[in-house]
There are 6 protein chains.
Amino acid sequence: MSEDRYKKGIEMLKIMNPDSYKQLSDNLDDIAPDMARLIAEFPYGDIYTRQGLDLKTRELVTVAAVTVLGSAQTQLGSHIKGALNVGCTREEIVEVLIQMAVYAGFPTALNAIYTAKEVFEELDAKK
Amino acid sequence: MSEDRYKKGIEMLKIMNPDSYKQLSDNLDDIAPDMARLIAEFPYGDIYTRQGLDLKTRELVTVAAVTVLGSAQTQLGSHIKGALNVGCTREEIVEVLIQMAVYAGFPTALNAIYTAKEVFEELDAKK
Amino acid sequence: MSEDRYKKGIEMLKIMNPDSYKQLSDNLDDIAPDMARLIAEFPYGDIYTRQGLDLKTRELVTVAAVTVLGSAQTQLGSHIKGALNVGCTREEIVEVLIQMAVYAGFPTALNAIYTAKEVFEELDAKK
Amino acid sequence: MSEDRYKKGIEMLKIMNPDSYKQLSDNLDDIAPDMARLIAEFPYGDIYTRQGLDLKTRELVTVAAVTVLGSAQTQLGSHIKGALNVGCTREEIVEVLIQMAVYAGFPTALNAIYTAKEVFEELDAKK
Amino acid sequence: MSEDRYKKGIEMLKIMNPDSYKQLSDNLDDIAPDMARLIAEFPYGDIYTRQGLDLKTRELVTVAAVTVLGSAQTQLGSHIKGALNVGCTREEIVEVLIQMAVYAGFPTALNAIYTAKEVFEELDAKK
Amino acid sequence: MSEDRYKKGIEMLKIMNPDSYKQLSDNLDDIAPDMARLIAEFPYGDIYTRQGLDLKTRELVTVAAVTVLGSAQTQLGSHIKGALNVGCTREEIVEVLIQMAVYAGFPTALNAIYTAKEVFEELDAKK
């Protein structure tokens, strides 16, 4: 069953952010390989696979949450890509980030918008 | 036009949380009456009235954001009510809060769930 | 295997904080019963059971972390009890909290010390 | 010289918040008496006695900082009293708190305003 | 009137940080042009133009607040420049940042001092 | 006696992180030399020299605390080195960081693990 959680998590990651787990797993390989497995199992295997909320909304609330953290711009970038991958539009993502000015203050919202800008430019460059 | 922003904000507040502005306005009346007006004008008049994101999603990302703040349980309670008022289900709200364990840690997510529990019990008691 | 994680978590919880899971589980029963299970499985079943760090140190770093969060005094209280249950002394816990003034500021450290004071008084009253 | 820092800190505390150190010292007496001494010595003996910034400004930046922390309302209340004691007006304090909506978000600013309201009402009741 | 808020905000920005709005506006132009307008209107048009607190104090409390956020070093740098532009001395700014060690901890205060150092060096290089 | 605190702090810093104070002191020399002295005196002279907790545990709780701050990766790196210098193993440090996923969320824990990875690679390169 634990293997199931891992498999379910990896499948979810393939939907949400196909490049990200490979990259994460490579980065963690020589320092904390268990952390890569725990990330596949818990957030992706246990949480994102839950019923009751569609993936688009799950990614948008994550984008909001990681914006408020303030100091996790790499992960914010990954989740912005994830949000796009599950069907959110750029406009929807930007709307969430602008709204964050109300709850986390303008500097934090502004930094998140700059991260989104980098992600969008990176994606445009790949086209 | 500034009057317009205030009016638009009050109308939005009536949709999202009819009791909350009266209460807020009463609370702020003798210390910072401008703050009540600024809240009507900026978050509600300027932000929640924007195109590009439906009110249900706006409230769910706010619930996520205020959960991550950790120390604004009263406002979290108001936005949980707001989310219900614009059509979110209790299940959707709880799903957002459980997911926050991944991004803000378990203690912070747990406190948010307890706040939701109080709101739901208060609403059940009113029926 | 998933059942194993839950069982391992419950056993760990019995060592660390025998009353706490029953209470948590009761509190969450009508709003988010899955959250109680997830807490047993992930933090207690997956993390606290890991090799490489003794339980005393695990609880002290948790006490430090939850202190820094600032807004999770209930959970801080639980982990202070947990730290005592796995063999930390009151003096060790207070030393961690005083040290937090350096990293999270004096107001946050002071609030954590007041939470510890309440826990110690509650335990003294039970004797 | 360390005795000097303590004495200087206590004198500063008498200026800024005459009741607060006695209360703090009583609260900490049976759990962390050193913490009361460290607070007199470092923030009050070392920092508030520094040249280069008047006490009014020192208290207003502290009010801003403790507002942003979000979870230290008791200490925020003490520093609002301290600000009044060194010559700030209520209006100045409220202006700082309203401005914090821009940097820490509206929920956090609102909670700080409610704390100020309680402090002002407590002081009015004493008159 | 909304136009007025924008104009008042732009005028305030010219006083506080003449380069910053052009730069902000350019950065946001292709992703969230409304955000540049909202920043001119709300923080600068609505808040910094308020009576009751001089601009020097407004910038110093902002420097304190953005320091506590911890993760908004670019905006901290802008507000350090803003503080200098409205008449604060370098010494006053550094005093605020040192004092933040008491409220936000030493690592956060230290990072803010390094940001101030970069700003001062940048300004010295321009002379 | 104040001289004693400074001397005691410098000695403690030599044990915990021999390079770090020189570097800190050089960095602060032209902007806030007092801050370097205050850091030697208070965290190192007053706190780390206290009885009641061994240095290994003091560094591990600091690693946990600075991880939760999220935005102080440079200082986190210094304390990871400090932890190694006072006898912690890499495995113990990584265990603390993985555990932080439970209390500060996965993005924050992940960033801390990446900082540890950089520190370990830097140390390996020096061998």
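From the list A:68, A:86, exactly one residue is farther than 30 Å from residue F:91 by Cβ, in contact (Cβ under 8 Å) with a residue 60 or more places away in the chain and under 14 Å from the mean Cα position of the chain (by Cα). Which is it?
A:86
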So residue C:21, is it aromatic (Phe, Trp, Tyr), surrounded by fewer than 21 Cβ atoms within 10 Å (Cβ to Cβ) and either in contact (Cβ under 8 Å) with a residue 12 or more places away in the chain or assigned by TED's automatic domain parsing to the domain that holds residue C:123 (or both): yes
Entirely in segment B:51-119, the helices (runs of 4 or more DSSP H) that have 2 or more residues that are modelled with pLDDT of 95 or more and at the interface with chain C (Cβ under 10 Å from one of its Cβ atoms): B:90-104
Residues satisfying the stated conditions in segment E:1-26, i.e. more than 12 Å from residue E:45 (Cβ to Cβ) and not in a helix (DSSP H, G or I): E:17
Single unsatisfied condition, residue B:8 versus (1) out of contact with any Ser or Thr (no Cβ under 6 Å at 6 or more places or on another chain); (2) within 13 Å of chain E (Cβ to nearest Cβ); (3) among the charged types (D, E, K, R): (1)
Residue check, residue D:114 crowded, with 19+ Cβ neighbours inside 10 Å, among the aromatic types (Phe, Trp, Tyr) and out of contact with any strand residue (DSSP E or B) (no Cβ under 6 Å at 6 or more places or on another chain): no
Residue match in segment B:49-59 (condition: of a type in the set (Asp, Glu), within 30 Å of residue A:91 (Cβ to Cβ) and surrounded by fewer than 21 Cβ atoms within 10 Å (Cβ to Cβ)): yes
Number of the condition not met by residue C:63 [criteria: (1) farther than 30 Å from residue D:24 by Cα; (2) touching a His at 6+ places or on another chain (Cβ under 6 Å)]: (1)
Residue list for segment F:33-63, restricted to those being among the hydroxyl-bearing types (Ser, Thr, Tyr) and farther than 19 Å from residue F:74 by Cα: F:48, F:49, F:57
Residue in segment A:70-90 that is closer than 26 Å to residue E:41 by Cα and in contact with a Leu (Cβ under 8 Å, 6 or more places away or on another chain) present: yes
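The values are calculated or read from the model by the stated rules, or taken from the named source; none is laboratory data. Remember, predicted model here, so these are calculated numbers, not experimental data. A quick note on method: Cβ atoms are made from the backbone with ideal geometry, for glycine too, and the neighbour counts reach across all protein chains shown.
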